[in-house]
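Single-structure report; data block below.
The values are calculated or read from the model by the stated rules, or taken from the named source; none is laboratory data. Model, not experiment: these values are computed from the prediction. We place every Cβ from the backbone using ideal geometry, glycine too, and count neighbours over all the protein chains shown.
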Amino acid sequence: MGRSVAAERETPEQLAKLLREAITRLNRRVRQARPVGDLTFSQLSALTSLQLAGALTPRELADTERVQPPTMTKIVGKLEEQGLVARTPHPTDRRQVILAPTEQGRAVYAQFERARNEWLATQLAELTPDERDTLDRAARILQQVARG
């Protein structure tokens, strides 16, 4: 398959801008598709990071979320109050703790993930089969780009 006329006219810099803006808008829209609940975006993001990593120290979680440790302390405190995150002693450093999602936290994450996937699947269902095929190829290419 050849490149489209529009793609041939775009420089890598122009394509980078177009892709970054589209990905940012799509990510923002997908993030908004979540079950109604008491969790803030920051709390959901921290819970997601813990779910994906399995377990992290508070400092690792703060670094992952790109927030200051005192901010993460507040976020984790709220997640703990709701029974979504548990602390356990660090296996090698008694000054540290490990944070991990609880069973309830994993269930909330799964519900959040399901809502995002359902929203996106609904949007994709509105596309033609050719458009979905193009997005399938694009997704695989974007995964390759993300791996570096």
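Out of all the residues in the range 90-98, is one or more over 17 Å from Arg31 (Cβ atoms), surrounded by 12 or more Cβ atoms within 10 Å (Cβ to Cβ) and either hydrophobic (A, V, I, L, M, F, W, C) or touching a Leu at 6+ places or on another chain (Cβ under 6 Å) (or both)? Yes, because at least one residue in the range 90-98 is over 17 Å from Arg31 (Cβ atoms), surrounded by 12 or more Cβ atoms within 10 Å (Cβ to Cβ) and either hydrophobic (A, V, I, L, M, F, W, C) or touching a Leu at 6+ places or on another chain (Cβ under 6 Å) (or both). Just need a number here: residues in the range 109-148 that are over 18 Å from the mean Cα position of the chain (by Cα) and either in contact (Cβ under 8 Å) with a residue 24 or more places away in the chain or over 22 Å from Arg20 (Cβ atoms) (or both). Total meeting the criteria: 8. At pLDDT 95 or above, outside any loop (DSSP other than H, G, I, E, B) and under 23 Å from Arg31 (Cβ atoms): is that true of Thr134 in this structure? In short, no.
Restricting attention to the range 60-89, report how many residues are among the basic types (Lys, Arg) and without any contact (Cβ under 8 Å) to a residue 12 or more places away in the chain. Within the range 60-89, residues that are among the basic types (Lys, Arg) and without any contact (Cβ under 8 Å) to a residue 12 or more places away in the chain number 2. Surrounded by 13 or more Cβ atoms within 10 Å (Cβ to Cβ) and under 29 Å from Glu118 (Cα atoms): does that describe Ala53? Here the answer is yes, as Ala53 does meet what is asked. Evaluation of Asp63 against the conditions (1) surrounded by 10 or more Cβ atoms within 10 Å (Cβ to Cβ); (2) of a type in the set (D, E, K, R); (3) modelled with pLDDT under 95 shows that the sole unmet condition is (3). Looking only at the range 137-148, decide whether some residue is under 26 Å from Pro35 (Cα atoms) and in a strand (DSSP E or B). Looking through the range 137-148, none of the residues is under 26 Å from Pro35 (Cα atoms) and in a strand (DSSP E or B).
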